[in-house]
Amino acid sequence: MTPWSTLLALAGDATGSWLAQLKNLATHPWVVNLVAMAVILGANAAFFAVITLLERKGLGRIQNRPGPNRAGPFGILQPAADGIKMITKEDIVPERADQLVHFLAPLVMLAPITLALAVLPYGPQLVAVNLDAGVLFFFAIGTAGELAAFMAGWSSRNKYSLLGAMRAIAQMISFELPLVLSTLVVIMMTGSMSLVEIVAGQGSAAWGLPGWNIFTPWGLAGFLIFLTAAAAESNRSPFDLPEGESEIIGGFMTEYSGFKYAVFFMAEYFGMFAVSGLGITLFLGGWHAPFPFLEWVPGIFWYVAKLVALVFGFIWIRGTLPRLRADQLMNFSWKFLMPLALLNFATAILWHATAGWQFPGAWLCRWLVCFGIVAGAFTGLGRAMLRRRQVGPRIYRYAS
Amino acid sequence: MQLAFTIIALLILAGATAAVALRNLVHCVLCLAVAFVGVAALFLLLGAEFVGLAQIMVYVGAVAILMVFALLLTRNADLPATGPLVSKSWLTGVSIAALVFGCLAIGILASGVGQAAPPSPQLSVRQIGEELMRNYVLPLEVLGVLLTVSMIGAVVIAMTDPKPD
Amino acid sequence: MPGFGIIKGLKETARNFFGSYHDPGRFVTIQYPEEKREHHENYRSFPFLVYDGDPVKGLRCVSCKICEKECPPQCIYIVPEQDGSGKLLKFPRIFDIDVSVCMGCQICVEVCPFDSIKMDQEFEVSTADRFGGLILNRSKLAKSNEYYHQIRPAEATAVDAQLAAERERQQAKAAAAKSPAPAAAATREKKP
């Protein structure tokens, strides 16, 4: 044995024991959880930074402007500049504000949304928490946002804040129903509330086609309802009434500045990522590749690609549609989305009941029948909602 | 387990006490929401995932928001109350509370809590759903009808609108 | 079918989005510090004083103070030059314009009988010193006639022609006054 190999062996021994200790440490549940938290938070924060830039660029291009292009080449340092600005700005709290509630509101807004990000399956093995009632957890956690909006609006002692909070709560409650009803269809058809199992159920593909839920009539309608309601839930345009800056300044965020405002902003974008992630998981096959021969690409890639596509869809819609009026918003939710979601539910039941059809072309027949029902409901409800109401002189009940 | 239970129990007690003792109504509602979250955490600690999440969804998401709306829509709700904190008929309240507590304590003690706890059943959402849809389908439907009726009643009451003549 | 309007709108915005990448003509934005918008000749910002030749002695201003009196926001301040005996000279010792108050109404230009104050096209006058930096004094206001020609060629040419005509008329008058001058002087001497 040469001295050299002895040295090597010794070193190997030493590192071996070190490695063993390191391995023990690395598999400790606390460490695992901390790492998962750090990765989820860090990845989403980085994505948030990228998306704010892409959103401003995209909106600019939609309006024939170049968008931010000053900070760094093509403006890629814009998020950093924004961050520095937000952190160094003065944090102003109104004198008569309820100090404690005013301070807590952004935290109550952000914390539950980061919790919701933990249950989403990002890849075959990339699930931080696999809850048996994952979908329920998602919605249960989401309700804290309403309370946070109220806390922010009420504690600011500002009429615009309070009006914004009232609008936000009314909107979130109204659109939660279609949101839940559209996800219920998927839960019913999969037979599970676990997000992991829902994704697993969408992997099987017939004739090399993806088995995603969106390629069924109820899935398509459910996805569209879900997307609309999700835009409203995360206060995205055209449903951005709670912070309609031309009407009520900044809504419940009016009296927030500096980093607290940044936290609200972050919560809004995290909410968009979370709800898009849920949409991907429920309807777009989660981390599954579109075609079986592409399954060798890591699942996280497909997840992120779908997330970017959905978020870009939100940006596109924001650049296209004007803001709704409050009564249009309520009509849209209660008279259009709600009945449509219920009818979609019935369609899913029909789809399930006709699963036993055996004659040739049964699948196509089922598809067409179910799609016809959903499309007919869509047309009828839309016509009914858009029918011009008789416009007459306004009658004031109390003023005259 | 013991430590987590202690922390959650203290949180619930503090939230409930503050909900009764604070003078600002909005603060009371927020403290009540904290107590609700604590109860949900207790359910989660016991492994009752579905019940805990439903607790958050119904109590924090609906009941607390309902109270908040009621507060916002009533006049002068955010002015701190000026009356005495303890009402004159406190003796009645305390005796009723003691009676309820006694009944509950007797019921719990009679259920054999002191003995070794049986292993907690692993209840999945699927089992709960099957129980609800097979054994308890009639109560579920009756409750659904009851809630619908009450909602229609509320709408009818709210819509009462004397025709201007 | 309802909902198709949204698709039409989405198509339009998509066309804008992709079009802005390959068709630079779509851009309405001007990248300001690098490229600047072309001004109309009549574009105006703040007043300046025109001089011919020497920047101090050549000022056309005679400190008649008409502009100071007419200025609606009262942003002009003039002190005429005095000679040793306290007699006012036709020349401003101090001529200040507070551009933080000036509203660019051009009334000073319209009332000036000597075409000595004109509107500038310089708009990058921002400063970190909000008290001193926005008060333009005589030396900062004085700009040459060539500069005037440069920013407003048509107007400056017209003004020059008018001034030349005025000067000729003055000279003709002076020449006419010169020949009968002794007689007039004689009559005036006789009168008292």
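The values are calculated or read from the model by the stated rules, or taken from the named source; none is laboratory data. This is a predicted model, so every value here is computed, not measured. Because the Cβ atoms are built from the backbone with ideal geometry, glycine has one as well, and the counts that use them run over all protein chains shown.
Structural remarks
- Annotation: A:LEU340 fulfils all but one of (1) of a type in the set (A, V, I, L, M, F, W, C); (2) more than 23 Å from A:ALA144 (Cα to Cα); (3) more than 14 Å from chain C (Cβ to nearest Cβ); the unmet one is (3).
- Whichever residue in region A:50-72 is modelled with pLDDT of 85 or more and more than 14 Å from chain C (Cβ to nearest Cβ) and, among such residues, is farthest from A:LYS159 (Cα to Cα): A:VAL50
- The number of residues in region C:28-48 being touching a helix residue (DSSP H, G or I) at 6+ places or on another chain (Cβ under 7 Å) and surrounded by 15 or more Cβ atoms within 10 Å (Cβ to Cβ) comes to 2.
- Counting only residues that are more than 21 Å from A:GLY67 (Cα to Cα) and surrounded by 15 or more Cβ atoms within 10 Å (Cβ to Cβ), region C:1-27 holds 1 of them.
- Counting only strands (runs of 3 or more DSSP E) that fall entirely inside region C:1-112 and contain at least 2 residues that are away from every other protein chain (no Cβ under 14 Å) and of a type in the set (Asp, Glu), the qualifying elements are C:88-98.
- Scan region A:305-324 for residues that are in contact (Cβ under 8 Å) with a residue 12 or more places away in the chain and either away from chain C (no Cβ under 14 Å) or touching a strand residue (DSSP E or B) at 6+ places or on another chain (Cβ under 8 Å) (or both) and the total you get is 4.
- With respect to (1) surrounded by fewer than 20 Cβ atoms within 10 Å (Cβ to Cβ); (2) at pLDDT 85 or above, the lone exception for A:VAL129 is condition (2).
- Residue in region A:110-122 that is within 9 Å of another protein chain (Cβ to nearest Cβ), part of a helix (DSSP H, G or I), within 21 Å of B:GLY61 (Cα to Cα) and modelled with pLDDT under 90 present: no
- The residues of region C:113-150 that are aliphatic (A, V, I, L, M) and either loosely packed, with under 13 Cβ neighbours inside 10 Å or without any contact (Cβ under 8 Å) to a residue 40 or more places away in the chain (or both), listed by number, are C:ALA128, C:LEU134, C:ILE135.
- Hey, A:VAL32 in contact with a Pro (Cβ under 8 Å, 6 or more places away or on another chain) and either surrounded by fewer than 17 Cβ atoms within 10 Å (Cβ to Cβ) or at pLDDT below 90 (or both) or not: no
- Restricting region A:214-266 to residues that are of a type in the set (Asp, Glu) and touching a residue at least 40 places away in the same chain (Cβ under 8 Å), the residue that is farthest from A:VAL186 (Cα to Cα): A:GLU255
- Pairing residues of region B:6-23 that are in a helix (DSSP H, G or I) with residues that are loosely packed, with under 12 Cβ neighbours inside 10 Å, at Cβ distances under 8 Å and at least 6 apart in sequence or on separate chains, gives B:ALA21/B:LEU85.
- Restricting attention to region A:123-152, the residues being in contact with an Asp or Glu (Cβ under 9 Å, 6 or more places away or on another chain), in a helix (DSSP H, G or I) and over 21 Å from A:VAL39 (Cα atoms) number 7.
- Some residue of region A:167-188 being surrounded by fewer than 20 Cβ atoms within 10 Å (Cβ to Cβ), more than 8 Å from every other protein chain (Cβ to nearest Cβ) and among the basic types (Lys, Arg): no
- Enumerated helices (runs of 4 or more DSSP H) restricted to region A:276-384, each holding at least 3 residues that are crowded, with 16+ Cβ neighbours inside 10 Å: A:299-320, A:338-353
- Index of the failed condition, A:PHE47 passing every other in (1) within 14 Å of chain C (Cβ to nearest Cβ); (2) outside any loop (DSSP other than H, G, I, E, B); (3) surrounded by 17 or more Cβ atoms within 10 Å (Cβ to Cβ): (1)
- Checked against the criterion of being more than 13 Å from chain B (Cβ to nearest Cβ) and in a loop (DSSP other than H, G, I, E, B), region A:190-202 contains one or more residues that satisfy it.
- Criterion: over 22 Å from A:ASP132 (Cα atoms), at pLDDT 90 or above and loosely packed, with under 10 Cβ neighbours inside 10 Å - qualifying residue of B:LEU138, B:LEU143: B:LEU138
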